[in-house]
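What follows is a set of notes on a single structure, which appears directly below.
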Amino acid sequence: MLKLGVNVDHVATLRQARGEKFPDVVKAALVCEAAGAWGITTHLREDRRHINDVDLVAIHGAVRHLNMEMAVTDEMVQIATGLVPNSCCLVPEKRQELTTEGGLNVAENLSKVSKAVAALQAKKIAVSLFIDPEERQIALAAEVGADMVELHTGSYANARGADQVRELDRLIDGAELAASLGLKVNAGHGIDYENIAGVFKIPHLNELNIGFSIISKALFVGLDKAVREMRDLMDAYTL
Ligand code: PXP
């Protein structure tokens, strides 16, 4: 079954907008799990703009499966190897960006990425690299020994018409290559209740990480229903 990882960062974004103690991110994570999320994903950003260190520890203690998104920095590797989440997804991070823009450039950061992968795996943490569906990046993900790739679906989600078909073809080819190299294939970023239909054309998918569309829908239908609706859609995946 295709796994759903729900990213709860934006529950914390809402909390931070007023500096209150609510909405409670741990409670949100537990509602997501009860509604069918296989795992919970959070991104501890360098600037702690949403999820903070206390949240991360509390979520880790409460959920079945925590996927920690993190930049490839000494600080984050130290936090992750201390916490030991079930998996870590290495992402690029720029301070000014609204959200993660583009995939990790493994080629340009080969030694840093290799070291981080080895340090995390030494603690039995499964490691994923968030990358664009490019041949070179995928090949290098296998070379550095990553367990998984998370193919960046943001360009597909933002494109329209023929451009979107082209982006989907890149994702399909990328997934084929990653699977042929023995990597598990995850995907995420910008996936919503409509564009997910196209995502189902990508073969070998293991897990989708989805945040913004679910948390947004939750405002209108509640978090439980928002997760269940996404989970129900995902049951259509057969490739
Ligand atoms: N996967 C990764 C690596 C991400 O950085 C994000 C955004 O934090 C997501 C998935 C989820 O993206 P979205 O919030 O657009 O669903």
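The values are calculated or read from the model by the stated rules, or taken from the named source; none is laboratory data. Nothing here was measured: the structure is a model prediction, and the numbers come from that model. Here Cβ is always computed from backbone atoms with ideal geometry, including for glycine, and neighbour counts include all displayed protein chains. For the accessible areas, the whole protein counts, side chains as well, though only heavy atoms, and no ligand, DNA or RNA atoms are used. Shrake-Rupley method; radii C 1.70, N 1.55, O 1.52, S 1.80 Å.
Miscellaneous remarks
- Taking label points 7 Å from Cα along the Cα-to-Cβ direction, L14 and D169 give a separation of 4.1 nm.
- Once C-alpha pairs closer than 8 Å and six or more residues apart are averaged by separation and normalised to the residue number of the range 1-104, the relative contact order reads 22 percent.
- Across K112/K217; K27/K112; K112/K184; K21/K217; K3/K124, pairs whose alpha-carbon gap is larger than 31 Å: K112/K217; K27/K112
- Take every pair of alpha-carbon atoms less than 8 Å apart whose residues are at least six positions apart; their mean separation over the length of the range 132-185 yields a relative contact order of 49 percent.
- Excluding ligands, DNA and RNA, the accessible surface per residue across the range 43-148 is 45 Å² with a 1.4 Å probe.
- Once C-alpha pairs closer than 8 Å and six or more residues apart are averaged by separation and normalised to the residue number of the chain, the relative contact order reads 19 percent.
- Interchain or long-range residues, amide H under 5 Å from L183's placed H: none
- Total charge dipole magnitude, the range 1-120, about the Cα centre, Cβ charges on Lys, Arg, Asp, Glu only, Debye to nearest 20: 200 debye
- All aspartates and glutamates inside 13 Å of K94 as judged from Cα atoms, apart from same-chain residues fewer than 8 positions distant: E46, D47
- Whichever aspartates and glutamates have a C-alpha closer than 19 Å to that of K123, once near sequence neighbours (fewer than 8 apart) are set aside: E69, D74, E75, D147
- Label-reachable residues, the range 148-165, where backbone N falls under 20 Å from a point 7 Å from A118's Cα toward its Cβ: 148
- Summing Cβ point charges (Lys, Arg +1; Asp, Glu -1) relative to the Cα centre of the chain gives a dipole of roughly 560 debye.
- Net charge of Cβ neighbours under 12 Å - reference N186; Lys, Arg +1; Asp, Glu -1: -2
- Value at 222 nm in deg cm²/dmol, rounded to 500, when DSSP H runs of n ≥ 4 in the chain each add -39,500 (n - 2.57): -14000 deg cm²/dmol
- Overall form of the range 30-146 per C-alpha gyration tensor (a/c, 1.5; a/b vs b/c): prolate
- Whether the chain is rounded, prolate or oblate, judged on the alpha carbon gyration tensor where a/c under 1.5 counts as rounded: oblate
- The residues neighbouring L171, those whose beta-carbon lies less than 12 Å from its own, together hold a net charge of -4 under the Lys/Arg +1, Asp/Glu -1 convention.
- Computed E for K27/E194 - FRET, C-beta separation, R0 22 angstrom, nearest 0.05: 0.20
- Summing charges over neighbours of S213, with a neighbour being any other residue whose Cβ is under 15 Å away from its Cβ, gives -1 when K and R count +1 and D and E count -1.
- Surface share of carbon and sulfur [accessible, 1.4 angstrom probe, percent] for the chain: 54 percent
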